[in-house]
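Following: one structure in structure tokens, then a few remarks.
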Amino acid sequence: MAASDTPIEKVKSVLDDPSARAITRVYADGFLSAARSMGSSEDALDEFQSFIDDVMKRYPEFARILNSSIVSRDDKIDLIQKVVGPFGSKLFTNFLCVLAKHERLGLLPLILKESRSRHEIQQGIRHVKVTSSEPLNENAVERIRSSMKQKMPFEPVIDLQTDPEILGGLVIQVGDTVYDGSLATRLKKLRERIGERTLNEIQSGRNRFSHIEAN
Amino acid sequence: MKFKADEIASVISKQIEEFQGQVETSEVGRVLEVGDGIARCYGLSSAMSGEMVEFSNGVRGLVFNLEEDSVGVIILGDYLEITEGDEVRTTGALLSVPVGDALIGRVVDPLGNPIDGAGPIVASETRPVETAAPGVAARQPVTEPLQTGIKAVDAMTPIGRGQRELIIGDRKTGKTTIALDTILNQKGGDVICVYVACGQRDASVAGVVEVLKEYGAMDYTIVVSASASDPAPLQYVAPYTGAAMAEHFMYQGKHTLVVYDDLSKQAQAYRQLSLLMRRPPGREAYPGDVFYCHSRLLERSAKLNDELGGGSMTALPIIETLEGEVSAYIPTNVISITDGQIYLEPDLFFAGVRPAINVGISVSRVGGNAQIKAMKDKKVAGGIKLDLAAFRELEAFAQLGTELDKATQAQLDRGYRMVELLKQPQYQPLHVADQVISIFAGTNGVFDSVAPSEVAEQEQRLLQFIREEKSEIRNTIIETKALSDDTKDALLAAYKEFKDRIEATA
């Protein structure tokens with residue numbers, strides 16, 4: 001049932017809760033600036049990533065304890081210090097303790113995502129979504145990359161996507177801005193304009209036959 | 001006529017040849033949640049307040065709220081087809097509607113789309129729905145009359161071109177009728193009318209259009225309809241659309257009249273949107289800026305100065321009260337914005353006084369300057385308001401059953417006849433010269449010998465008599481717009497002749 005599949009697909013693409021994002025932004029900024037002042041933010045992000053991948057995902061029970069509201073704040077901090085302290089860096093352990101103290105441990109994956117994207121922006125890297133109707137070959141991608149690099153004040157990282165519905169051309173999205181050069185949009189524009197012109201033409205033809213004063 | 005298929009085909013092929021694809025740049029966002037007529041969107045980081053946005057299925061929306069992480073959009077169309085995750089694009093344009101001569105005689109929705117089934121509207125121009133009102137320097141005082149054709153209104157609460165006169169009253173007291181009569185009375189004149197139905201029943205809108213058609217008023221009228229079944233955003237936008245359509249003619253130096261029927265429903269639609277958008281509620285749960293919502297609309301009515309063409313836009317906003325409660329929030333707001341109000345009372349209405357205008361609290365703050373000289377005369381409408389007030393007082397006193405002296409009894413009798421004289425059936429607006437003739441007759445006691453129930457009939461006969469046999473007097477009043485002593489004498493003589501004839505036949 002293709003029809004019932006689509007809405008589910010759509011819901012998946014919907015982003016996270018905007019108020020949660022506002023909060024994650026604060027923690028991500030704090031984490032990055034602390035990491036920078038103590039060394040490399042790259043390393044800190046790698047550590048963060050490995051905590052999510054190797055600890056939280058591998059031991060869901062541990063993740064559940066951290067997210068649970070039955071376990072008290074102090075117990076969580078205690079646990080973090082005992083479990084993460086001996087292995088992780090001081091910065092990361094402290095970061096987790098701060099989150100635990102403010103009961104924001106549930107936002108960890110989101111904070112990681114946000115930190116990564118903000119780190120990239122600080123490094124002058126931005127993700128660019130390129131949609132085409134057919135998969136693009138290496139050559140074309142390279143050409144898009146180099147021309148974007150010239151025109152945009154950042155280093156583009158290209159995420160490719162294919163969508164046969166655009167028929168041809170490219171749709172490039174940087175942040176919220178979309179540069180739409182797709183065939184589908186052009187055809188839509190052309191259809192609008194032809195409709196408008198034809199209507200005008202019909203109307204003026206009608207006017208020619210009717211009395212001027214009657215209009 | 002027949003369309004030539006190859007002509008149109010050539011237009012199309014020329015279009016295709018000349019078409020140049022351009023890369024379209026726009027901001028996008030995604031729909032987070034959809035409610036009754038509203039959507040909350042994520043992204044659209046550079047959207048502007050009041051900007052038009054387009055959803056992926058082609059429905060338009062209007063940016064309403066700008067928040068830190070999301071943008072609130074009101075949906076101008078079918079919101080049931082928009083789902084979570086849909087794409088939204090900015091258009092970089094403000095909401096505009098088609099304006100111009102092509103719209104006259106048409107019934108349109110608040111976006112300017114025809115809903116009367118009479119084919120597409122090909123308008124050469126569009127105009128933003130929300131524009132700033134003309135400033136102080138662009139205006140001039142209201143001095144020209146806008147004749148409503150209703151004796152009670154033109155005599156006691158006269159309306160000038162560029163004025164805003166509120167029509168207020170309970171349900172079923174004849175508010176729309178006053179507005180409709182005013183539109184009908186503009187027939188053959190130079191005033192273009194716009195009737196905005198906001199939150200009305202579809203049946204009543206159809207009824208209004210039917211009346212306008214029947215009396216030939218659609219030739220100079222535009223009807224903008226956002227009925228009760230339309231989504232709240234459309235009801236909210238409708239009055240601004242009507243104002244934009246009238247403004248177009250005003251800036252061309254023409255005279256216009258806009259009826260907003262009614263603004264209490266618009267305020268309710270605005271309250272619904274604001275509450276859905278989680279704006280903080282204030283008194284009666286209306287948002288804090290509901291006053292501004294009405295003031296910016298009504299301020300757009302103006303009489304422009306001569307450099308700008310001297311056009312005008314007269315507004316007749318209508319407010320429905322509950323059980324005569326004029327001190328509720330929206331009525332007081334609109335009363336304070338407008339230049340006067342016509343207050344309609346159910347008691348009077350059911351007592352047969354129609355139009356059911358309460359003379360005591362109905363006022364016009366600028367219209368007096370706009371009355372024609374003949375009407376302003378002391379012996380015509382000049383003293384009628386005070387006389388009626390005195391009569392009301394006496395009437396209350398007389399009900400105590402005390403013996404009355406002759407002078408008081410005469411004053412009472414005159415009063416009963418004046419009240420009868422000011423009654424007027426609906427859809428029968430009177431020319432201002434006829435109004436002057438009949439009110440002057442009333443104040444001179446022509447109907448004193450007639451039973452109150454027969455005053456209306458005798459008035460008709462008098463007007464017919466003057467029209468047919470003394471048309472020179474009527475023409476003088478129409479031409480000079482004044483009541484000179486000679487004209488007065490001629491009128492009094494005509495009245496005498498009329499009376500004698502009645503007595504002779506009786």
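The values are calculated or read from the model by the stated rules, or taken from the named source; none is laboratory data. Fair warning: this is a prediction, and the values are worked out from it, not measured in the lab. Here the Cβ is made from the backbone with ideal geometry for all residues, glycine too, and neighbour counts use every protein chain on show. When the accessible area is computed, the model is the full protein with side chains, heavy atoms only, and any ligands, DNA or RNA have been set aside. Shrake-Rupley method; radii C 1.70, N 1.55, O 1.52, S 1.80 Å.
With the condition kept exactly as written, say whether any residue in segment B:167-179 is touching a residue at least 12 places away in the same chain (Cβ under 8 Å), part of a loop (DSSP other than H, G, I, E, B) and hydrophobic (A, V, I, L, M, F, W, C). No, every residue in segment B:167-179 fails to be touching a residue at least 12 places away in the same chain (Cβ under 8 Å), part of a loop (DSSP other than H, G, I, E, B) and hydrophobic (A, V, I, L, M, F, W, C). Checking the structure you have, find out if any residue of segment A:159-175 is surrounded by 14 or more Cβ atoms within 10 Å (Cβ to Cβ), of a type in the set (D, E, K, R), more than 9 Å from chain B (Cβ to nearest Cβ) and under 20 Å from B:Val28 (Cα atoms). No, because not a single residue in segment A:159-175 is surrounded by 14 or more Cβ atoms within 10 Å (Cβ to Cβ), of a type in the set (D, E, K, R), more than 9 Å from chain B (Cβ to nearest Cβ) and under 20 Å from B:Val28 (Cα atoms).
Considering B:Gly352, B:Gly368, the condition of being of a type outside the set (A, V, I, L, M), open to solvent by 20 Å² or more (accessible area, probe 1.4 Å), within 18 Å of B:Glu420 (Cα to Cα) and touching a residue at least 12 places away in the same chain (Cβ under 8 Å) is satisfied by B:Gly352 alone. Only one of the numbered conditions (1) within 27 Å of B:Ala269 (Cα to Cα); (2) open to solvent by 10 Å² or more (accessible area, probe 1.4 Å) is not met by B:Lys187, and that is (1).
Report whether or not B:Tyr251 is open to solvent by 10 Å² or more (accessible area, probe 1.4 Å) and in contact with a helix residue (DSSP H, G or I) (Cβ under 9 Å, 6 or more places away or on another chain). Quick ask: steps written out before the conclusion?
Working: open to solvent by 10 Å² or more (accessible area, probe 1.4 Å): yes; in contact with a helix residue (DSSP H, G or I) (Cβ under 9 Å, 6 or more places away or on another chain): yes.
Answer is yes for this residue.
Take the conditions at positive phi and outside any helix (DSSP H, G or I) and apply them to A:Glu103. Does it pass? Criteria met by A:Glu103. Residues in segment B:77-111 that are more than 14 Å from chain A (Cβ to nearest Cβ) and either within 24 Å of the chain's Cα centre (by Cα) or among the charged types (D, E, K, R) (or both): B:Asp78, B:Leu95, B:Ser96, B:Val97, B:Val99, B:Val107, B:Val108, B:Asp109, B:Pro110, B:Leu111.
Which of the strands (runs of 3 or more DSSP E) found entirely inside segment B:44-108 contain at least 1 residues meeting this: in contact (Cβ under 8 Å) with a residue 40 or more places away in the chain and open to solvent by 60 Å² or more (accessible area, probe 1.4 Å)?
On the way: elements: B:51-55, B:60-66, B:71-76, B:87-94, B:96-99.
So the answer is B:60-66, B:87-94.
Residues of segment A:29-51 that are crowded, with 16+ Cβ neighbours inside 10 Å and touching a residue at least 60 places away in the same chain (Cβ under 8 Å): A:Phe31, A:Leu32, A:Ala34, A:Ser41, A:Leu45, A:Phe48.
Residue-by-condition table, conditions (1) assigned by TED's automatic domain parsing to the domain that holds A:Ser69; (2) of a type in the set (Lys, Arg):
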site: A:Leu105; (1), (2): yes, no
site: A:Ser132; (1), (2): no, no
site: A:Pro135; (1), (2): no, no
site: A:Val141; (1), (2): no, no
site: A:Ser147; (1), (2): no, no
site: A:Val157; (1), (2): no, no
site: A:Lys189; (1), (2): no, yes
site: A:Arg193; (1), (2): no, yes
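With respect to the conditions (1) in contact (Cβ under 8 Å) with a residue 40 or more places away in the chain; (2) more than 9 Å from chain A (Cβ to nearest Cβ), B:Ala5 lacks only one, and its number is (1).
Given the condition more than 10 Å from chain B (Cβ to nearest Cβ) and open to solvent by 50 Å² or more (accessible area, probe 1.4 Å), answer yes or no: does some residue in segment A:180-187 qualify? Walk me through how you get there before you give the answer.
Keep residues of segment A:180-187 that are more than 10 Å from chain B (Cβ to nearest Cβ), which gives A:184.
From the residues that got through so far, the ones that are open to solvent by 50 Å² or more (accessible area, probe 1.4 Å) too are none.
Within segment A:180-187, none of the residues are more than 10 Å from chain B (Cβ to nearest Cβ) and open to solvent by 50 Å² or more (accessible area, probe 1.4 Å).
Just give me the residues in segment B:281-299 being outside any strand (DSSP E or B) and in contact with a strand residue (DSSP E or B) (Cβ under 7 Å, 6 or more places away or on another chain), in sequence order. Within segment B:281-299, just B:Leu298 meets the criteria. When B:Val59 is tested against (1) touching a strand residue (DSSP E or B) at 6+ places or on another chain (Cβ under 7 Å); (2) within 12 Å of chain A (Cβ to nearest Cβ), only condition (2) is not met.
Going by what's in this entry, would A:Ile202 be described as out of contact with any Asp or Glu (no Cβ under 6 Å at 6 or more places or on another chain), outside any helix (DSSP H, G or I) and either facing chain B (nearest Cβ under 10 Å) or crowded, with 17+ Cβ neighbours inside 10 Å (or both)? Spell out how you get there, then give the answer.
Details: out of contact with any Asp or Glu (no Cβ under 6 Å at 6 or more places or on another chain): yes; outside any helix (DSSP H, G or I): no; either facing chain B (nearest Cβ under 10 Å) or crowded, with 17+ Cβ neighbours inside 10 Å (or both): yes.
It is false that A:Ile202 is out of contact with any Asp or Glu (no Cβ under 6 Å at 6 or more places or on another chain), outside any helix (DSSP H, G or I) and either facing chain B (nearest Cβ under 10 Å) or crowded, with 17+ Cβ neighbours inside 10 Å (or both).
Take the conditions part of a helix (DSSP H, G or I), among the aromatic types (Phe, Trp, Tyr) and at negative phi and apply them to B:Phe447. Does it pass? Please lay out each step first, then the result.
Working: part of a helix (DSSP H, G or I): no; among the aromatic types (Phe, Trp, Tyr): yes; at negative phi: yes.
When the stated conditions are applied, B:Phe447 does not pass them.
Look at A:Phe87 and say whether it is assigned by TED's automatic domain parsing to the domain that holds A:Asp17 and in a loop (DSSP other than H, G, I, E, B). Against the criterion (assigned by TED's automatic domain parsing to the domain that holds A:Asp17 and in a loop (DSSP other than H, G, I, E, B)), A:Phe87 qualifies.
So that you can scan it fast, the table gives a plain yes or no per residue for (1) hydrophobic (A, V, I, L, M, F, W, C); (2) under 23 Å from B:Ala197 (Cβ atoms); (3) open to solvent by 30 Å² or more (accessible area, probe 1.4 Å); (4) free of Cβ contacts under 8 Å to residues at least 24 places away in the same chain:
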residue	(1), (2), (3), (4)
B:Pro281	no, no, yes, yes
B:Leu298	yes, yes, no, no
B:Leu304	yes, no, no, no
B:Glu320	no, yes, yes, no
B:Ala328	yes, yes, no, no
